[in-house]
Structures are given as structure tokens and as C-alpha cells.
């Protein structure tokens, strides 16, 4: 029996390393053979083509055209080419203009706004103006019946020993200076009559020295189909007096202009 202090030797048998599985070995050999076969075929094919196996292939174009002209290409069809102005032909007939637009019916607008136009002045009783020198006077109308017609035989011209009177040249009569017409000033324009009356009341309270003891003229009018009421003030002998009055009103900060200017 061995001593206790001595090491115990254990003897084990060495086993050899297991070899490759036969199935795996066959698969590896098969794959290697296939790879070698592919490489050999590739080398053989490249060698045959390099040494010559006929001419290289020629790639020919397709038999039909690559691009075709469209049936209606854009830009070649002119719109409205059948119109007369686009035909390019010249006509001998004179051009015909379109009819003018109808005239505005001012009377209907005045009636819609409640404005009655003043009647035309009666000039039947006015005397005729005196004739200018060298012009024959207008024949006076008479209620007597006309004299019978003279015979068709020509009358013998009356002989006279007196010399013929020289022809009178009609001298232009000097223009007679007419008296200046009365003028009016316009103070405001409102869309209704009540607004015009309110403006007048405000002006009388604001500027009593200019508008005291004066009565306005509120005149209706139609402008572009819209009714307006114009606040005006008359009583000026001329346009110069009306302009002087407007200057005084403008200095006070109110609006004013000569009517018709």
C-alpha cells in the first residue's frame, strides 16, 4: 500500500481526434468539384472567344423610325383663323362701323328723381333784331291776300341816266357789351334735401356775419344716375362779386366756389 504523502498517478487512455463525417466529406468534395468545373468552363470559353469564333455580334437598329412627326403639332394651328380680321385679305368695300350707343334718357332720370324740367321760354312775342347794314330787312307779314301773279312776259328794264350806286360793304357792327349776368355761389352738395338744409343752418350759426338775412337756393340735380342737392346762394351782381364772397368764406374755413366754374 502506498504511503499517504505520495501522489496518486491516474492513468487515462488518450482517445484520437474524431475525423470528419463521411457525409460532410462528400459534400465538400462535390462543391469543390463543381467550382473547379465552373472555372474550367469559364477559362475554356474565354479562350475560344479570344482565338476567334466568328465575327462579333452587330446590334442593328429597330426597323421603324425612332421619332415620328405628330399629327397636330403645337403652335402651327392659329386660333380663330377663320375670322375675317385674320384672313389677310383686302376688301374693296368700305368698312362698316358698329352703331353708336344709345343716348342716355335724361328725361327718365329726371322723372325718377322727381325733377320737372322748366318749360321752354315763349319767344313768339319778342321783336325781331334790327338788320345789319347792307342786309335787306325781313318782309313784314300781312294778313292781306297776295297780289295776282305777273304775266310771263319779261318786263323791259327801266333806263336811267343816273350812275349806279356803289355797292355797300357790310361793316361788322361793334359788339355791344352785355351787362354782367348775376352769379351764384355753391356751398355744399348733399345726397338729400334735408342734408342741404342742415348745412345751411350750420353755416348761419357758425358765420352769422356772412349768411345772416340770406335765403339759400337748394337745387336738385342728377349726376351719373345719382340724385344730388346743391346748396347755392344767389344775389351777386357778377362773378367777381361772387368770387370775393367765396374768398371771405374760405378764410373762415368753410367751402365755397362760384357756381358753374
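The values are calculated or read from the model by the stated rules, or taken from the named source; none is laboratory data. What you see is a predicted model; the values in this text were computed from it and never measured. Ideal geometry is used to build each Cβ from the backbone, glycine not excepted, and the neighbour counts take in all protein chains shown.
Contact map, segment 85-110: residues that are within 30 Å of residue 228 (Cβ to Cβ) paired with residues that are modelled with pLDDT of 80 or more and surrounded by 10 or more Cβ atoms within 10 Å (Cβ to Cβ), Cβ distance under 6 Å, separation 6+ or inter-chain. Pairs shown: 109/222. For the criterion of being farther than 15 Å from residue 185 by Cα and surrounded by 13 or more Cβ atoms within 10 Å (Cβ to Cβ), residue 227 passes.
For residue 257, the requirement of being touching a strand residue (DSSP E or B) at 6+ places or on another chain (Cβ under 8 Å) and closer than 30 Å to residue 103 by Cα is not met.
Which is touching a strand residue (DSSP E or B) at 6+ places or on another chain (Cβ under 7 Å), closer than 28 Å to residue 116 by Cα and surrounded by fewer than 14 Cβ atoms within 10 Å (Cβ to Cβ), of 191, 216, 220?
Details: 216 fails: surrounded by fewer than 14 Cβ atoms within 10 Å (Cβ to Cβ); 220 fails: surrounded by fewer than 14 Cβ atoms within 10 Å (Cβ to Cβ).
Just a single option satisfies the conditions, and that option is 191.
Here residue 260 clears all of (1) in contact with a helix residue (DSSP H, G or I) (Cβ under 9 Å, 6 or more places away or on another chain); (2) under 27 Å from residue 116 (Cβ atoms); (3) surrounded by 12 or more Cβ atoms within 10 Å (Cβ to Cβ) except the condition numbered (3).
If you check 120, 95 for being assigned to a loop (DSSP other than H, G, I, E, B), under 29 Å from the mean Cα position of the chain (by Cα) and at pLDDT below 80, only one passes: 95.
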